[in-house]
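Input: a single structure, listed below in structure tokens.
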């Protein structure tokens, strides 16, 4: 009997407690548990003096979501793992140049995100005849400066910090270079799942791709953070030119004015040109950064990393915690459509 309980405790310890050397799936498990708890609490709140979609409620719930699901797991797990405590997970500082480029790249991010939001809203109404709203939705009708600043803080600055530290920081650091491609796909996929926003899932694909590109080129988590903040600022400033359709006012797809599509197509074209410009500039900067005075480029791949400081193999992340994570997230997403 003692051996039986010992095995049960060992299973619980290996499954729920953080391992000494982190694999890439355990942080996703912790993130999912925190997100699900906040979602259940939010879904069962009644008798509030304000609407769950108000800027006041979002100013309370969004920081809590980011703190519990992203910030605390990123900081605590990175400090717990001895490899990340040595190499760090926030990257290195390569100068102010790539950070400035990252900030201004928020402009094409906003353009393509807004355009895909409008297209997704149209397709959602056309195919399903109903609109599916995100789990954490903010509907702000106040045009005052204070209200706009609060919206930027709760809808962009705070979430951007959590996303940068967790997805482009901790999770990015747990994939080896030889698994970087599949690792990026996994990060983007769970970034979309974390949003709990079906309509904007399509727009989050290029956003996720670009912030991972910034993380690699700038080697700093604050590059994605600045880009995500600038994306929201651009949306607010360029609202008269290209603004996301108000999904709360749509009953059928015919309610979306045709002018939305006339402005969205050029926006995507301009965004792609700007993305190409910023990517080329960052590529040149990275090449220059790793070159000596004579212009000879260093081969970073030849630099050996001590085995004790390397991330675990990719297969170590394929474990029961990943299965539980996917099941829980799938259940939460299904509840959004009910």
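Please work out the Cα center distance from the range 75-124 to the range 248-279, rounded to the nearest Å.
Taking the Cα centre of each part, the range 75-124 and the range 248-279 sit 22 Å apart.
Using a Förster distance of 41 angstrom, determine the FRET efficiency expected from the C-beta separation of residue 51 and residue 270, and round it to 0.05.
0.70
Sort 282, 116, 67 by Cβ crowding within 10 Å, fewest neighbours at the top.
Fewest-to-most ranking of 282, 116, 67: 67, 282, 116.
Among 259, 130, which comes first, second and so on when ranked by fewest other beta-carbon atoms within 10 Å?
Lowest to highest Cβ neighbour count: 259, 130.
Based on the alpha-carbon set only, what is the convex hull volume of the range 23-337 divided per residue, in Å³?
Measuring per residue, one finds 143 Å³ for the Cα hull of the range 23-337.
To check my understanding: the extent here is largest minus smallest coordinate of the Cα atoms along each principal axis. What are those three numbers for the range 40-100, in Å, largest first?
In descending order, the Cα extents are 49, 32, 11 Å.
Rank-order 22-29, 51-58 by packing density, defined as the average count of other C-beta atoms within 10 Å over each peptide's residues, highest first.
Top of the packing list down: 22-29, 51-58.
Determine, from the Cβ-Cβ distance of residue 21 and residue 258 and an R0 of 56 Å, the FRET efficiency 1/(1 + (r/R0)^6), rounded to the nearest 0.05.
For residue 21 and residue 258, the calculated efficiency is 0.50.
Show that you can apply the helix-only estimate: for the chain, add -39,500 (n - 2.57) for every DSSP H stretch of four or more residues, divide by all residues, and state [θ] at 222 nm to the nearest 500.
-20000 deg cm²/dmol
Report the label-to-label distance for residue 178 and residue 236 in nanometres (one decimal), using points 7 Å from each Cα along the Cα→Cβ vector.
Roughly 4.7 nm, to one decimal.
What distance in nm separates the two pseudo spin-label positions at residue 152 and residue 338, each 7 Å out from Cα along the beta-carbon direction?
Computed distance between label sites residue 152 and residue 338 equals 4.0 nm.
With each label point set 7 Å from Cα along the Cα-Cβ vector, what nm distance links residue 67 and residue 185?
It is 3.8 nm.
Could you check which residue among 218, 74, 135 shows the biggest mean-square fluctuation in a GNM of the chain with a 10 Å Cα cutoff?
135
Where a number appears in this text, it was derived from the coordinates with a stated rule and is not lab data. The shown structure was predicted, so the numbers you read here are calculated from the model rather than taken from an experiment. Neighbour counts are summed over all protein chains in view; Cβ atoms, including those assigned to glycine, are modelled from backbone coordinates with ideal geometry.
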